[in-house]
1. Go through region 88-149 and name the GluC sites (Glu not before Pro) that are in a DSSP coil and have 12 or fewer other Cβ atoms within 10 Å of their Cβ.
2. Explain nothing, just the number: dipole magnitude of the chain about its Cα centre with +1 on each Lys and Arg Cβ and -1 on each Asp and Glu Cβ, in debye rounded to the nearest 20.
3. Report the residue, chosen from Arg19, Arg76, Arg93, that carries the largest GNM mean-square fluctuation when the chain is represented by alpha-carbon nodes joined by springs under 10 Å.
4. Between Leu39, Leu111, Leu59, which gets the highest mean-square fluctuation from a Gaussian network model of the chain, Cα cutoff 10 Å?
5. Give, as a single signed number, the net charge of other residues whose beta carbon lies under 11 Å from the beta carbon of Ile127, with Lys and Arg counted +1 and Asp and Glu -1.
6. Find how much the distance from Thr42 to Leu12 grows on full extension, using 0.36 nm per residue of separation minus their present alpha carbon separation; answer in nm with one decimal.
7. Between Ser133, Ser120, Ser155, find the one with the highest GNM mean-square fluctuation for the chain; connect C-alpha pairs within less than 10 Å.
8. Nearest 10 degrees is fine. How inclined is helix 121-130 to the longest principal axis of the chain, computing both from alpha carbons?
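Every read-out reported here was derived from the displayed coordinates using simple, explicitly stated rules and does not represent laboratory data. Owing to the predicted nature of the structure, the values given are computational and were not obtained by experimental measurement. Because the Cβ atoms are built from the backbone with ideal geometry, glycine has one as well, and the counts that use them run over all protein chains shown.
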Amino acid sequence: MSEDRLLNRGRLSAEHPIRIDDDTEARKAVEQAQFAMALLQTQGEVADDAAVRRAKAALKRAEKQVRDCYEFIPLRALPADDFEALIGQHKPRPDTKDEIWNGETFPKACLLACDESGRSEADWEHIFKNVLSGPEQLQLCNTAIRVNARTPDESLPKGWAQIEP
């Protein structure tokens with residue numbers, strides 16, 4: 001069965017969040033809603049069902065407010081051969097720190113190749129030149145590379161694969 005899963009694995013995808021609006025107040029609303037839920041949970045079975053429903057709804061609304069502060073860039077990994085070909089088109093430069101690919105051209109080319117937002121190359125040129133900071137550009141391109149390199153999710157806890165079902 002595990003062989004079938006490996007043979008039939010689809011191309012991985014990711015959504016990269018870019019903050020568009022200030023999320024400070026929305027995050028505070030999430031914290032308050034989470035606190036209210038925690039208080040109700042400490043009451044156990046004596047908690048009022050209507051209050052629990054209201055608290056869950058408030059938390060859901062607050063989480064949506066945070067999400068609405070972001071634009072999510074949909075990315076899908078290239079087929080493995082296409083990714084390798086893209087690397088080949090952006091060979092490391094001599095006398096630089098480049099090891100696997102051209103550190104100047106490959107990250108953006110990888111982003112453009114796996115972006116599923118429908119934005120044109122001209123749109124991305126404008127976004128890189130006028131909208132995103134250097135660190136934002138780096139994070140976005142790194143997400144595109146990571147989804148293509150199929151690296152493990154960094155949020156998984158250490159030793160997660162040894163956890164018995």
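1. On the way: sites: Glu99, Glu104, Glu116, Glu121, Glu125, Glu136; in loops: Glu99, Glu104, Glu116.
In loop regions of region 88-149 (DSSP not H, G, I, E or B), the sparsely surrounded GluC sites (Glu not before Pro) are Glu99, Glu104, Glu116.
2. Working: 23 positive and 30 negative charges, 55 e Å.
The dipole of the chain has a size of about 260 debye.
3. Largest GNM mean-square fluctuation: Arg93.
4. Leu39
5. Working: positive: Lys108, Arg119, Lys129; negative: Glu71, Asp115, Glu121, Asp123, Glu125, Glu136.
In short, -3.
6. Numbers: separation 30, 0.36 × 30 = 10.80 nm, distance 3.94 nm.
That works out to 6.9 nm of additional length.
7. Ranking Ser133, Ser120, Ser155 by mean-square fluctuation puts Ser155 first.
8. Helix 121-130 sits at roughly 70 degrees to that axis.
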